[in-house]
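Visitor: Here it is, the structure, as C-alpha cells.
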Amino acid sequence: MKKIKCPQCSGPSIWDETNNSRPFCSDRCKLIDLGAWASEEYQLPVSPSVDDYDDQPSSDGHMFTSTMH
C-alpha cells in the first residue's frame, strides 16, 4: 500500500484501487479542489494570441483591446 501526500490538505492519502478519491485523501478534499477549479481560483497559464484581441477601436480610441478575462 503506497501512501502519498494529499494535494489539498497535505495529509496522508492511500494510492490504490480502494481509494476512490485518489489522489485526495477523502471526498471532502476532492470536492474542495473541484470547487476551487469551478470558482476559477486555479487557472492554466496561457500566452495571449492575436485571436484574443478585437480589431475594433475601444471606447477610449485604442485598437486591439484585450478580450481575455
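The values are calculated or read from the model by the stated rules, or taken from the named source; none is laboratory data. Remember, predicted model here, so these are calculated numbers, not experimental data. Neighbour counts are summed over all protein chains in view; Cβ atoms, including those assigned to glycine, are modelled from backbone coordinates with ideal geometry.
Visitor: Looking at region 29-42, can you tell me whether even one residue there is at pLDDT 70 or above, of a type outside the set (A, V, I, L, M) and over 15 Å from the mean Cα position of the chain (by Cα)?
Guide: no
Visitor: If you check every pair at least six apart or on different chains, which have Cβ atoms under 9 Å apart with a residue in region 24-37 that is farther than 22 Å from residue 3 by Cα first and a residue that is among the charged types (D, E, K, R) second?
Guide: 35/41
Visitor: Go through region 25-53 and report how many residues are surrounded by 12 or more Cβ atoms within 10 Å (Cβ to Cβ), assigned to a loop (DSSP other than H, G, I, E, B) and out of contact with any strand residue (DSSP E or B) (no Cβ under 6 Å at 6 or more places or on another chain).
Guide: Count: 1.
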